[in-house]
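Presented below is the structure to which this report refers.
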Amino acid sequence: MYVRKSVLLSFVVLAVAIGWLAKTIAQENSSSPAVSYFEGARIASTLEKSMSTKITEGKAGSGVYTVMMAHRVKAGEVELHTLDSDVFYIVSGNATFVTGGTPVGMKSTAPNEERGQSIIGGETRVLSAGDVITIPNGVPHWFKEVKGSFLYFVVKVR
């Protein structure tokens, strides 16, 4: 039940942020952008079935964005996005997260995307519910350790 309420709260926070962005862009353009709405029950149900799901994507001015939700239960690979910046909002759980430093064993996995094994150096933080972190494009980042279930929203901006 706590996770469901946290998901709903985090979605409201993200919706307000995206709504503000959409309103600002709508004022710059002559036509209004389409509004996206996602009921909390649908979000919670989707999270139970998938570790990572795209919620929506769109265009904002000259850039594009993607809103995703993700669920981790273990450490991940180092990620480095050449074009995308990430904004994470942590819904629940704890994870040790490393940014910057020197990535080890990097390989291209898609255009403008690389994955690797670990990071030497960098800045280590423990992320937990309510935290927000932004990772500019070109900065390696890594979920080094995940304790239990870790749930977060991601806004990717290009």
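The values are calculated or read from the model by the stated rules, or taken from the named source; none is laboratory data. The model shown is predicted, which means the values in this text are computed figures rather than measured ones. So basically every Cβ, Gly included, is an ideal-geometry build from the backbone, and we count neighbours across all protein chains shown.
Just one residue in the set Ala110, Ala60, Ala95, Ala75 is at pLDDT 95 or above, within 16 Å of Arg158 (Cβ to Cβ) and not acidic (Asp, Glu); that residue is Ala110.
For segment 82-158, the strands (runs of 3 or more DSSP E) that sit wholly inside it and include 2 or more residues that are surrounded by fewer than 17 Cβ atoms within 10 Å (Cβ to Cβ) and of a type in the set (Ser, Thr, Tyr) are 107-110, 123-128. Pairing each residue of segment 73-95 that is over 14 Å from Gly116 (Cβ atoms) with any residue that is of a type in the set (D, E, K, R) and assigned to a strand (DSSP E or B), provided the two are 6+ apart or on different chains, yields C-beta distances under 6 Å for Asp84/Lys156; Asp86/Lys156; Asn94/Lys147. Here is the figure for segment 136-153: residues that are modelled with pLDDT under 95 and aliphatic (A, V, I, L, M) total 1.
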